[in-house]
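This report concerns only the one structure given below.
Nothing in this text is a laboratory measurement; each read-out follows from the coordinates by a stated rule. The shown structure was predicted, so the numbers you read here are calculated from the model rather than taken from an experiment. Note: ideal-geometry Cβ built from the backbone for every residue, glycine included; neighbour counts use all protein chains shown.
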Amino acid sequence: MARSWTLGLLLLVAILGGGLATLAWGDLGVGPRDLVTAAQGGADTKVTFVLERLRGPRLLVGIGAGIAFGVAGALFQTVTRNPLGSPDVIGLGNGAGAGVALATLLAPGIVPAPVGAVLGAAVAIGLVHVSTGLGFASPARVIITGIGVAAMALALTQYVVAVSLRDASSQLAGYLVGTLNSRSLGQAALIAVALAVLIPLTALLAHDLRMMDLGDQLADALGGNAVRTRTAAILLSVLLAAAAVSVAGPIAFVALAAPHIARRMSGTPGPHLPLSALVGALIMVLADFTVQHVAPVEDLPVGVITAGVGGLYLGYLLVTDWKKADA
Amino acid sequence: MSAPLTEPIGSADPSSLRLAGATVAYAERPVLEGFDLEVSRGMFTAVIGPNGCGKSTMLKALARTLRPRAGAALLDGRPLAQWRSKAIARRIALLPQDPVVPEGITVKALVARGRHPYHSPWRQWLSGDDEVVAEALRATGVEQIADRPVAGLSGGQRQRVWIAMILAQDTEYVLLDEPTSFLDIAHQIEVLHLCQDMRDQGRTVVAVLHDLNQAARYADHLVVMDAGRIVAEGSPSEVLHAELVAEVFDLQAEIAEDPQSGTPMVIPVRRAGDQVIRS
């Protein structure tokens, strides 16, 4: 317990440090002193421009989306009792991508891209819910049908891209890998509102969620309702991930890796919700710092970094875990 | 046998747990149809019957983990469906046949899970919880291993830990689904003794058992099931007869008296071709 608190505090410090560094680095850097002046309302136009248009929004969107992805992954892994579970696995990211593809390429200017993302994600998850025959009651069926739905959504996206002209596809590219380039304060507000609503609900659910690792029968016998808890958790997970995807695109591996990294750091057995949130935010801040300030990968969508680094780190974790299990 | 009957505190009505005309089905296949059973309060009841006769299904229906299609499971005369699930979990505990051990959990942490029905999102731990958990660890003899991970324990130790969790739940009714399966003989007897201890504390214990002799020796009351029906019910000496064993289990047997306890003992009759080897 004490260890979790210390770790949480350290992660907060790291997020804050990473955030400040992201703002301060380079030619357009806004240092801590500029921030204080800006908070007092006395900043010059350059500083204001960087804070409100360039680096501020992407930092906030990154932190918010990271928290959402981290919690989404932890919820999903808990109720499916599958360490490789994440909303991406059941087609959320690909559904969102297909939604954006349809919205931006077939109906440009009519349906905004974030709305397309949320609608696409909702359709994909709705399909999964219907086609398992049991809703979200059976974790194995959810994952298997999810893989099928994800594949269909990807095929749809590729079809839309293939039949459309390529001019509108730069915005689309962001939604296919996830990006924090040119975010707005409006998007930061959107993810903040989503978190303000969804995180308290998640905290309430956490009480019954703790019992899910005992299996459905015991969770029920100890005063829970396993099927209802699982459905609520998957819904919250999907909503959190959809909110993050709508502001930042389907950034790969954060939802999958953050709970694992948090679990490894804390030494607690199951997914740890608050730590997963903080690790998610930290991954996003560090990845965004990298694409803003490290020359070889400058201006790449942030999803490329999280996929590359997160994938490697997750692979490392799994291999060392398996080695330990075999020893 | 006089069983201690404790009245629930502050209530004049005696508590009761029963199935009334319950039809319970998996998918489309009904396992129990119009099933009636009143759990004998303050006793250790053993439910016996051949594989697939509906013993476990009956137990799950009593514990609300399976809901009857028709009829009802009634606690104090009120259908379980009308109770809040936490309120049921403070009255009825169920140990499933093959419970999942959470990854990396210690003995003490697992036993503490038994306190869940008393908690809420706002009250995650109560002042008396530590004592209840300590008492459950002591009563099952697992206090020495309280800080060890459950995954590393032997089958016998693990089963005692699960029973400690059920004890920490502190319920009037304790339902156990095949608690002795997969244990060696000494640990089977240990679990049966724990069942008797729980009865002596005033709890009502219902266990699905496979071994007829153990059921007759350790339980106060037998419920014999076959093909989704109760075929006999009563004390072991009233119920366990050669005809019943032949009819229900399709086994030719003699009934003898257990030299230790005087309870009935089922001894299979030799087949015509069997060789008797004497050393």
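Over the range B:17-268, Cα pairs under 8 Å with separation of 6+ residues give a relative contact order of 24 percent.
What percentage of all Cα-Cα pairs in the range A:235-279 are separated by more than 12 Å? Result: 61 percent of Cα pairs exceed 12 Å. Most simply put, the range B:17-268 has about 60% antiparallel DSSP beta bridges, counting only bridges with both residues inside it. Both numbers refer to the Cα atoms of the range A:1-114; Rg and Dmax are 19.3, 53 Å. For chain A, hydrophobic long helices are taken as DSSP H runs at least 24 Å long by C-alpha position along their axis with mean Kyte-Doolittle hydropathy of 0.0 or more; these are A:2-24, A:55-80, A:113-131, A:139-163, A:185-209, A:226-248, A:273-293. Remark on the range B:126-279: hydrodynamic radius 17.6 angstrom, per the Kirkwood mean of 1/r across alpha carbon pairs. Pairwise Cα distances in the range B:101-184 exceed 22 Å for 23 percent of all pairs. Of the residues A:Gly99, A:Gly249, A:Gly26, the one that moves most in a GNM of chain A with alpha-carbon contacts below 10 Å is A:Gly26.
Which angle between 0 and 90 degrees, to the nearest 10, do you get for helix B:155-169 versus the longest principal axis of chain B when only C-alpha atoms count? With both axes taken from Cα atoms, the answer is about 50 degrees. Look at the Cα gyration tensor of the range B:1-148: its axes a ≥ b ≥ c give a/c of at least 1.5 with a/b over b/c, and that counts as prolate. Taking the Cα centre of the range B:17-268 as origin and assigning +1 to Lys and Arg Cβ atoms and -1 to Asp and Glu Cβ atoms, the resulting dipole is close to 1360 debye. Projected onto their three principal axes, the Cα atoms of the range A:59-171 cover extents of 43, 36, 20 Å, largest first.
Calculated translational diffusion coefficient of the protein assembly as shown (25 °C, 0.890 mPa s; Stokes-Einstein with Kirkwood radius over alpha-carbon pairs) equals 89 µm²/s.
Highest GNM mean-square fluctuation among B:Leu212, B:Leu126, B:Leu32, for chain B modelled with Cα contacts below 10 Å: B:Leu126.
What's the local net charge at A:Val304, with K and R +1, D and E -1, over the other residues with C-beta under 13 Å away? Counting the neighbours of A:Val304, the net charge comes to -3.
By the helix-only formula, in which each DSSP H run with n ≥ 4 contributes -39500 (n - 2.57) and the sum is divided by residues, the protein assembly as shown has a 222 nm mean residue ellipticity of -16500 deg cm²/dmol. Using alpha carbons only, the radius of gyration of the range A:1-55 set against its Kirkwood radius gives Rg/Rh = 1.15. A viscosity of 1.567 mPa s and a temperature of 4 °C, combined with the Kirkwood radius over C-alpha pairs in the Stokes-Einstein formula, give chain B a diffusion coefficient of 65 µm²/s.
Each eigenvalue of the Cα gyration tensor of chain A, multiplied by 5 and square-rooted, gives one semi-axis; in descending order these are 32, 26, 18 Å. Note on chain B: with a GNM built from Cα contacts shorter than 10 Å, the maximum mean-square fluctuation among B:Asp184, B:Asp200, B:Asp129 falls on B:Asp184.
How far is helix B:129-139 tilted off the main Cα axis of chain B, in degrees rounded to 10, range 0 to 90? Taking Cα atoms only, the helix is inclined about 30 degrees. Taking all Cα pairs closer than 8 Å and separated by 6 or more residues, the relative contact order of chain A comes to 30 percent.
Within the shell defined by Cβ-Cβ distances under 12 Å, the residues around B:Arg18 carry a net charge of -1, with Lys and Arg each +1 and Asp and Glu each -1.
Charged side chains reduced to their Cβ positions (Lys and Arg at +1, Asp and Glu at -1) give the protein assembly as shown a dipole of some 1640 debye around its Cα centre. Most simply put, the protein assembly as shown has about 60% antiparallel DSSP beta bridges, counting only bridges with both residues inside it.
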